[in-house]
1. Mind checking which residues of region 19-41 are assigned to a loop (DSSP other than H, G, I, E, B) and open to solvent by 60 Å² or more (accessible area, probe 1.4 Å)?
2. Confirm whether R9 is open to solvent by 80 Å² or more (accessible area, probe 1.4 Å), in contact (Cβ under 8 Å) with a residue 12 or more places away in the chain and not small (G, A, S).
3. Can you tell me which residues in region 14-54 are of a type in the set (V, I, T) and either touching a Cys at 6+ places or on another chain (Cβ under 8 Å) or more than 23 Å from R66 (Cβ to Cβ) (or both)?
4. Within the group R57, R84, R44, R65, which residue is at pLDDT 95 or above, of a type outside the set (S, T, N, Q) and open to solvent by 80 Å² or more (accessible area, probe 1.4 Å)?
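The values are calculated or read from the model by the stated rules, or taken from the named source; none is laboratory data. These numbers were taken from a predicted model, which means no experiment stands behind them. A quick note on method: Cβ atoms are made from the backbone with ideal geometry, for glycine too, and the neighbour counts reach across all protein chains shown. With ligands, DNA and RNA removed, areas are computed over all heavy atoms of the protein, side chains included. Shrake-Rupley method; radii C 1.70, N 1.55, O 1.52, S 1.80 Å.
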Amino acid sequence: MAATRPEDRSLIARIAAHASWATTPDRAARTARGRATFLDRFDRQVDPDGTLPPAERARRAENARRSYFSALALRSAQARRKNRAKPKQDTPPRP
């Protein structure tokens, strides 16, 4: 499927992604490397030189991870509040 319009490219990519996931037998295994890389970032954040004992690094990384996700939750809540405060625009009736 060749697409010339950006809207078509996006839809074609979405179709391909859904088709790919539909044939994936083990979804967790497919994404394991990405999850591990993401979580390793917190280890590197709290111990960039690798000098902490493993237990202490894990404890700090867990706090860094919780901080990250708490900040994400805060931004999400703020965005929802902002969207609720916007006046709803009247949409014209469909023909």
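1. Result: T23, P25, D26.
2. Values: open to solvent by 80 Å² or more (accessible area, probe 1.4 Å): yes; in contact (Cβ under 8 Å) with a residue 12 or more places away in the chain: no; not small (G, A, S): yes.
No, not satisfied.
3. Matches in region 14-54: I15, T23, T24.
4. Residue meeting the stated conditions: R44.
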